[in-house]
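What follows is a short report on a single structure.
FYI, it's all coordinate maths here, none of it is from the lab. Since we're looking at a predicted model, the values are computed, not measured. Methodologically, a virtual Cβ is constructed for each residue, glycine included, from the backbone with ideal geometry; neighbour enumeration extends over all protein chains shown.
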Amino acid sequence: MFSILILTKDEEINIQDCLDSVSWCDDVVVLDSFSGDATCDIAKQNGARIYERKFDDFGAQRNYALDEINFKHPWVFHLDADERFNEELRSDCEKVIKENKHSAYFVPNRIIFLGKWIKHCTQYPYPQVRLLKLGEVRFAKSGHGQREDQAKRGVGYIDTPYDHYNFSKGICDWIDKHNRYSSEESLAVMGEVSMSQCFSSDPISRKRALKACFSRMPCRPWLKFIHLYFIRLGFLDGYPGWVYCRLQMMYETMISIKRVENRMNSTEH
């Protein structure tokens with residue numbers, strides 16, 4: 001058995017379905033960023049323990065949970081309110097916990113948009129560290145999200161995905177959220193990277209190296225669309241794939257414009 005940590009902020013539209021997907025767990029913890037809706041009430045009604053902390057960034061929020069919350073189990077799965085667990089993933093988590101080979105595990109996610117799994121242009125499996133052993137892993141801020149900063153015994157892989165309904169609050173909410181994300185991404189400084197890393201056999205190292213290279217390229221929005229829709233075969237995802245690729249192109253446009261604004265503002269000062 002392992003604990004579940006759910007980060008929330010005004011998630012009353014999502015939290016019940018998320019909690020239902022982990023109803024088997026005897027230690028569900030919600031770390032809330034002072035929601036103004038019924039998120040915490042719904043979580044309490046479902047037996048979850050509630051903690052509150054003002055949100056600054058995802059890395060700091062997850063590290064706070066690891067440092068300050070007394071989990072019932074030594075292993076914790078990090079889940080977001082717009083994500084859904086499943087029995088196969090539970091079985092795989094219990095298997096790797098029993099083997100105890102690594103400090104943490106990358107887990108893939110299936111993005112669900114317009115009622116369909118967007119398999120191709122979301123760059124599936126696009127894994128993130130979600131299952132970890134307490135005391136062996138730290139997180140660091142990376143762009144608008146986070147990445148593992150330390151993992152004493154390395155990071156392994158779980159193949160079974162969870163479902164991610166990141167459009168569950170509607171397209172307006174997605175645009176508002178990515179407007180904020182683009183501001184953070186525009187300020188992020190990508191580190192130096194060698195071309196050899198772009199061809200690494202490790203998919204995570206390769207993805208991060210390619211992202212660093214891509215951040216320096218001109219015409220990023222169009223390149224992103226071409227990459228997702230044609231090279232990653234987004235056209236096979238039908239109309240939802242077409243819309244998703246256009247939204248990603250819009251997101252890259254916002255980042256590019258804000259980076260120009262940042263350079264202009266720094267020059268003026």
Radius ratio Rg over Rh of the chain, counting only Cα atoms, Kirkwood formula for Rh: 0.96
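Give, as a single signed number, the net charge of other residues whose beta carbon lies under 12 Å from the beta carbon of Lys95, with Lys and Arg counted +1 and Asp and Glu -1.
So the environment of Lys95 carries a net charge of -2.
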Quick check: residue separation of Asp67 and Lys101 times 0.36 nm, minus the Cα distance between them. What number comes out in nm? 10.0 nm
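Can you give the local net charge around Glu184? Use residues other than it whose beta-carbon is closer than 13 angstrom to its beta-carbon, Lys and Arg +1, Asp and Glu -1. It would help to have the intermediate numbers written out before the result.
Working: positive: Lys141, Lys177, Arg180, Lys258, Arg259; negative: Asp56, Asp57, Glu185.
Once all neighbours under 13 Å are counted, the net charge is +2.
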Nearest-5 percent of antiparallel DSSP beta bridges in the chain? 45 percent
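Take every DSSP beta bridge whose two residues both sit in the stretch 36-138, then give the antiparallel share in percent to the nearest 5.
Values: 9 of 9 bridges.
Antiparallel bridges make up about 100 percent of those DSSP assigns within the stretch 36-138.
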Give me the number: length gained by fully extending Lys44 to Val260, i.e. 0.36 nm times residue separation minus the C-alpha to C-alpha distance, one decimal in nm. 73.2 nm
The helix 58-68 Cα axis meets the longest alpha-carbon principal axis of the chain at an angle in degrees, between 0 and 90 and rounded to 10, of 20 degrees
Would you mind checking Lys9/Lys54; Lys9/Lys177; Lys169/Lys224 for any pair whose Cα atoms are more than 19 angstrom apart? Lys169/Lys224
Residue exposure sequence - Lys101, Lys54 - by fewest surrounding Cβ within 10 Å: Lys54, Lys101
Can you give the net charge of the other residues whose Cβ lies under 11 Å from the Cβ of Asn86, counting K and R as +1 and D and E as -1? -2
Just tell me which lysines come within less than 21 Å, Cα to Cα, of Lys133; anything on the same chain fewer than 8 places away is out. Lys72, Lys95, Lys98, Lys101, Lys141, Lys152
In Å³ per residue, the alpha-carbon convex hull of the stretch 136-182 encloses 99 Å³
